[in-house]
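Trainee: Have a look at this one before I ask anything.
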Amino acid sequence: MAHIWDPTKKHSDVERWVCIYPCYLNSKKSLAEGRKLTKEKCVENPTHQEIRDVLTSAGLKVGVENKLHPRERSKEILYRGRIRVQLKNDDGTPVNPEYPNRHSLLVFLGTSIPKLKSRQGKQSYGDQLSQQSAAGASKKGKGKGRR
């Protein structure tokens with residue numbers, strides 16, 4: 001079905017806002033799986049809460065919907081959430097001149113999410129596993145065992 005322009009719709013209507021899914025910024029995803037930026041500009045497994053927090057702190061109007069990206073294979077809650085952001089005023093001018101389009105907003109999110117306090121102390125899951133296996137290997141053979 002072709003999209004027909006409706007003059008009664010304004011940029012302040014929520015359904016006219018830009019949609020952002022966490023997979024757009026996920027460095028673990030491929031372009032075919034929905035990633036929109038280069039891996040260097042992306043974040044490992046971003047959540048919709050992190051995206052919402054960054055956007056609200058930037059002073060943008062944000063709405064969160066309980067939706068899943070069509071290409072998302074996993075049904076986990078971690079990957080759920082569609083964020084809607086108002087980028088333009090009713091007269092068509094950008095709400096924030098620093099983010100005139102979706103791409104500039106995605107780049108901003110990719111650089112801001114790693115700076116969040118919740119991300120500062122976090123290790124990636126792979127780092128945790130390698131540390132646990134290294135710790136387990138050093139303890140081998142030192143216990144009493146079965147007698």
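Trainee: Only one of LYS88, LYS75, LYS61 is buried (at least 17 other Cβ atoms within 10 Å of the Cβ) and of a type in the set (D, E, K, R); which? If you could, list the steps in order and put the result at the bottom.
Mentor: On the way: LYS75 fails: buried (at least 17 other Cβ atoms within 10 Å of the Cβ); LYS61 fails: buried (at least 17 other Cβ atoms within 10 Å of the Cβ).
After ruling out the rest, the residue left standing is LYS88.
Trainee: Residues of the stretch 59-79 being in contact with a Lys or Arg (Cβ under 7 Å, 6 or more places away or on another chain) and not in a strand (DSSP E or B), which ones?
Mentor: Step one: of the stretch 59-79, the residues in contact with a Lys or Arg (Cβ under 7 Å, 6 or more places away or on another chain) are 62-68.
Those that are in contact with a Lys or Arg (Cβ under 7 Å, 6 or more places away or on another chain) and not in a strand (DSSP E or B): ASN66, LYS67, LEU68.
Trainee: In the stretch 17-29, which residues are in a helix (DSSP H, G or I), in contact with a Lys or Arg (Cβ under 7 Å, 6 or more places away or on another chain) and not hydroxyl-bearing (Ser, Thr, Tyr)? Break it down stepwise before answering.
Mentor: Within the stretch 17-29, the first condition is being in a helix (DSSP H, G or I), and the residues that meet it are 22-25.
Checking which are in contact with a Lys or Arg (Cβ under 7 Å, 6 or more places away or on another chain) leaves us with 23-24.
The answer is CYS23, and nothing else.
Trainee: Which ones in the stretch 23-53 are touching a Phe, Trp or Tyr at 6+ places or on another chain (Cβ under 8 Å) and in contact (Cβ under 8 Å) with a residue 60 or more places away in the chain?
Mentor: LYS36, LEU37
Trainee: Test SER112 against the stated conditions and say whether it is part of a loop (DSSP other than H, G, I, E, B) and either in contact with a Phe, Trp or Tyr (Cβ under 8 Å, 6 or more places away or on another chain) or not acidic (Asp, Glu) (or both). Quick ask: steps written out before the conclusion?
Mentor: On the way: part of a loop (DSSP other than H, G, I, E, B): no; either in contact with a Phe, Trp or Tyr (Cβ under 8 Å, 6 or more places away or on another chain) or not acidic (Asp, Glu) (or both): yes.
When the stated conditions are applied, SER112 does not pass them.
Trainee: From the list ALA32, ALA2, exactly one residue is assigned to a loop (DSSP other than H, G, I, E, B) and either at pLDDT 90 or above or open to solvent by 90 Å² or more (accessible area, probe 1.4 Å) (or both). Which is it? If you could, list the steps in order and put the result at the bottom.
Mentor: Values: ALA2 fails: either at pLDDT 90 or above or open to solvent by 90 Å² or more (accessible area, probe 1.4 Å) (or both).
The conditions single out ALA32.
Trainee: Could you please find all residues in the stretch 44-58 being surrounded by 14 or more Cβ atoms within 10 Å (Cβ to Cβ) and not in a loop (DSSP other than H, G, I, E, B)?
Mentor: Step one: of the stretch 44-58, the residues surrounded by 14 or more Cβ atoms within 10 Å (Cβ to Cβ) are 44-55, 58.
Within the stretch 44-58, HIS48, GLN49, GLU50, ILE51, ARG52, ASP53, VAL54, LEU55 qualify.
Trainee: Same structure, new question: What pairs can you find where one residue is in the stretch 94-120 and surrounded by 13 or more Cβ atoms within 10 Å (Cβ to Cβ), the other is assigned to a helix (DSSP H, G or I) and of a type in the set (Lys, Arg), and their Cβ atoms are less than 9 Å apart, with a gap of 6+ or different chains?
Mentor: Taking only residues 6 or more apart or on different chains, the pairs are LEU106/LYS41; VAL107/LYS41; GLY110/LYS41; ILE113/ARG119.
The values are calculated or read from the model by the stated rules, or taken from the named source; none is laboratory data. Source: prediction; values computed, not measured. FYI the Cβ positions are ideal-geometry reconstructions off the backbone, even for glycines, and counts take in every protein chain you see. Quick note on the areas: whole protein, heavy atoms, side chains included, nothing else; ligands and nucleic acids left out. Shrake-Rupley method; radii C 1.70, N 1.55, O 1.52, S 1.80 Å.
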